[in-house]
Every structure is written in structure tokens, then in C-alpha cells.
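Shown next, in C-alpha cells, is the structure this report addresses.
All of the numbers you see were taken from the coordinates with simple rules; none came from a lab. Here the structure is a predicted model, which means the values were calculated and not measured. We place every Cβ from the backbone using ideal geometry, glycine too, and count neighbours over all the protein chains shown.
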Amino acid sequence: MVAQYFYDNTYFFDYEKKCRKAGIDVPIIPGIMPVYTLKMTRALSKICGTQIPNSLQQKMDKVAAEDKAAVLNLGIDFAVDQCKELLEKGVSGLHFYTMNRSHSTKEIILRLKQDIL
């Protein structure tokens, strides 16, 4: 089962606990959506009901929306940290919502490989 994307890992772990308590024993794969643009992140979070944690919001507030490279790097950095914690706590995989933008996902995976190996 693939979970909806989230930016705060506690939501995933809480969801996973509830599923296990309900007897659901299939692997639950966390959904990761890197920040691609500030506008998209804000709009999709409203539509999907995803909370943007203060730590991410503060970083988003400090970067200019027009600085596409800075926004992508912010998203990559945040997602790498998010994925590291998930992997350290034993998730069985990661599902990336790429939105047809593979650069960020490739960079996240490269960084995770460097940290793991």
C-alpha cells in the first residue's frame, strides 16, 4: 500500500500504527513529494490536506519563488532528511511523487546512496 505524501513523518508513523492495530499487515510505503515549486507545494497541500510543518514553511519563506534552483535544492534537502529518518526507522521502501520532474528524485536517491554506502 502506498501512503499519501506528507512532509511530517509523524503523520506516516501514526497512520502505520493505526493500520497495524486494525490488522492491516501489508507493507505500507510512504509517499514522498519533494518541493518542486512553492506555488505547487502550497496548492497541492491545500487540495490534499497535507500539512506543511513549520520547519519547512520557514525554509520556504526564506527562498524567492523565482529562484528555481534554490527552491529545488530546498526540496531535495528536505526530502533527503525526511527519507533518511524513514529508512532509519525501517520503512520497506519509498514512493516518490515526481510530477514528471525526475531531477529532484534522482538527486535524492544519489544522496541517500552516498549516505547509506
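Computed quantities for the displayed model
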item: Calculated [θ] (222 nm, deg cm²/dmol) that DSSP helices of n ≥ 4 give over the chain, each run adding -39,500 (n - 2.57); result: -19000 deg cm²/dmol
item: Built amide H within the under 5 Å cut-off of TYR7, gap 5+; result: GLN51
item: Expected-Rg normalisation [2.2 N^0.38 Å, Cα atoms] applied to segment 1-45; result: 1.34
item: Inter-part distance where segment 3-17 and segment 49-74 are each reduced to a Cα centre, Å; result: 20
item: Per-residue ³J(HN,Hα) for segment 101-110, Karplus 6.51 cos²θ - 1.76 cosθ + 1.60, θ = phi - 60°, Hz, x for Gly and Pro; result: 10, 7, 4, 4, 5, 4, 5, 4, 5, 4
item: Rg over Rh [alpha-carbon atoms, Kirkwood Rh] for segment 43-112; result: 0.96
item: DSSP-assigned coil residues among GluC sites (Glu not before Pro) in segment 20-117, each with at most 11 further Cβ atoms within 10 Å; result: GLU66
item: GNM flexibility winner over the chain from ALA22, ALA70, ALA43 (Cα, springs under 10 Å); result: ALA22
item: Relative frequency of Cα-Cα separations exceeding 16 Å in segment 11-79, percent; result: 54
item: Average projected area [Cα convex hull, the chain], square nanometres; result: 7.5
item: Charge dipole (debye, nearest 20) of the chain; +1 at Cβ of Lys and Arg, -1 at Cβ of Asp and Glu; result: 220
item: Whole-percent pair-distance distribution, where bins are 5 Å wide, for the alpha carbons of segment 49-88; result: 6, 21, 26, 26, 16, 5, 1
item: Between helix 9-21 and the chain: long-axis angle, C-alpha atoms, 0 to 90°, nearest 10; result: 20
